[in-house]
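Undergrad: Dropping the structure in here first, questions after.
The values are calculated or read from the model by the stated rules, or taken from the named source; none is laboratory data. Note that the structure is predicted; figures quoted are calculated from it, not measured. So basically every Cβ, Gly included, is an ideal-geometry build from the backbone, and we count neighbours across all protein chains shown. Side chains included, ligands, DNA and RNA excluded: accessible areas come from the protein's heavy atoms. Shrake-Rupley method; radii C 1.70, N 1.55, O 1.52, S 1.80 Å.
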Amino acid sequence: MLQEIPPTDIAETYAQRWKLGDVITLCRDSSLTFRAAAALGSSHRAELMALSRRRSAFAHRLSGFARDPDDANETGSIGGRTRRWLEGARARLLGQTHLGDSLAACLRAESAAMRGYSRALAIDWSGDIAEVLEEHFDDVVATETRIRDMRGHL
């Protein structure tokens, strides 16, 4: 009979749970923002979809460290949803969409994710959580640089 091994890498304190939940939500927001930008159908579509899937994978990986992974945020934040709705409404009202605006939204989402990861890394973590957060943070920084490059070539 297999013995169940208790999970050792779980956010235990209130601060850890709060920061982890915040980072998961910011990853969901970034994923949805990248997906919306990819919907414009530019030469960067495939790369933006890959970034969206990567952020979603980050959120999924981090939710495994939550006390109740089934209770993890799946839709992003209310603020993120509101921003995406306003950008979509503006595009419908003006009758236009512009990749530069969408990439600017991606930059805002990545900037928020960087701040969230920085705040999360400022507290003590047990086990592998800190390593995973650092890996993700490095990727978020590289992604922000890549989006700045994309936006500069418009």
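Undergrad: Among (1) modelled with pLDDT under 85; (2) of a type in the set (D, E, K, R); (3) over 23 Å from Ala39 (Cβ atoms), where does Asp124 come up short?
TA: For Asp124, the failing item is (1).
Undergrad: Further, regarding this structure: Could you say whether any residue in segment 69-86 is at pLDDT 90 or above and surrounded by fewer than 22 Cβ atoms within 10 Å (Cβ to Cβ)?
TA: First, the residues of segment 69-86 that are at pLDDT 90 or above: none.
So far as segment 69-86 goes, no, none of its residues is at pLDDT 90 or above and surrounded by fewer than 22 Cβ atoms within 10 Å (Cβ to Cβ).
Undergrad: Of everything in segment 48-67, what is free of Cβ contacts under 8 Å to residues at least 60 places away in the same chain, within 18 Å of Ala109 (Cβ to Cβ) and open to solvent by 10 Å² or more (accessible area, probe 1.4 Å)? Give them in sequence order.
TA: If the condition is that a residue be free of Cβ contacts under 8 Å to residues at least 60 places away in the same chain, within 18 Å of Ala109 (Cβ to Cβ) and open to solvent by 10 Å² or more (accessible area, probe 1.4 Å), then Met49, Ala50, Arg53, Ser56, Ala57, His60 are the ones that fit.
Undergrad: Looking at (1) open to solvent by 20 Å² or more (accessible area, probe 1.4 Å); (2) among the charged types (D, E, K, R); (3) touching a helix residue (DSSP H, G or I) at 6+ places or on another chain (Cβ under 7 Å); (4) modelled with pLDDT of 90 or more, which is the only condition Asp9 fails?
TA: Among (1) open to solvent by 20 Å² or more (accessible area, probe 1.4 Å); (2) among the charged types (D, E, K, R); (3) touching a helix residue (DSSP H, G or I) at 6+ places or on another chain (Cβ under 7 Å); (4) modelled with pLDDT of 90 or more, Asp9 violates only (4).
Undergrad: Which members of segment 112-154 meet the condition of being surrounded by 15 or more Cβ atoms within 10 Å (Cβ to Cβ), more than 17 Å from Arg17 (Cβ to Cβ) and of a type in the set (Gly, Ala, Ser)?
TA: Passing the criteria: Ala112, Ala113.
Undergrad: From the set of residues in segment 34-56 that are of a type outside the set (D, E, K, R) and at pLDDT 90 or above, which is nearest to Ala120 (Cα to Cα)?
TA: Looking at the filtered set, the residue picked out is Ser56.
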